[in-house]
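Quick notes on the structure that follows.
The values are calculated or read from the model by the stated rules, or taken from the named source; none is laboratory data. Because the structure is a prediction, the values reported are computed rather than measured. For neighbour counting, all protein chains shown are included, and Cβ atoms are generated from backbone atoms with ideal geometry for every residue, glycine included. Ligands, DNA and RNA are stripped out before the accessible areas are found, and what is left, the full protein with its side chains, is counted by its heavy atoms. Shrake-Rupley method; radii C 1.70, N 1.55, O 1.52, S 1.80 Å.
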Amino acid sequence: MISLMGLIGFLGFLGFYTGNYGYFGFFGFFVFFTYALKKYDELFDAYVKRSATTAFFTSVVLFCAALCAVVILNVPEYIPILFTLVFVFSIIVFILRLIIYEMMENVHSQEE
């Protein structure tokens, strides 16, 4: 099911249609299509759940910090920028954690 996140990558084509180059960042989601070829097992499922949990709590903390920054600085124009950065950072945390778990699994399998 994680490979379905690759469908979000098609939103990147809106950048060509609208001229807003910020949509090109969605092309990064095409990486998730590579997981369609991966054999699913319970361990990989656990890695996805752990990575998603870490990314979720990271986003909650960063959203709270972003809202506090907007209130303290009293600059509502920062809301779209900060929320975009929080979203991007959460996705990066998810991907990096998943990669780290997979690398650890490869190291442990080579040791055996």
Selection from L11, V61, F44, by position along the positive dipole direction of the chain (Cβ): L11
Over the chain, relative contact order from alpha-carbon pairs under 8 Å, at least 6 apart, %: 22
Shape metrics for the chain, restricted to C-alpha atoms - Rg then Dmax, Å: 17.1, 57
Dipole-positive endmost among Y23, I92, T34 within the chain (Cβ charges, Cα centre): Y23
FRET efficiency, 1/(1 + (r/R0)^6) with R0 41 Å, evaluated for C64 and E105 via beta carbons: 0.80
Environment charge of K38, counting only residues whose C-beta is closer than 12 Å and scoring Lys/Arg +1, Asp/Glu -1: -3
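For the chain, with every protein chain kept in place, what is the accessible area per residue (1.4 Å probe, Å²)?
71
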Lys, Arg +1 and Asp, Glu -1 on Cβ, resulting dipole of the chain about Cα centre, debye, nearest 20: 300
Protein accessible area in the chain, 1.4 Å probe - carbon and sulfur %: 73
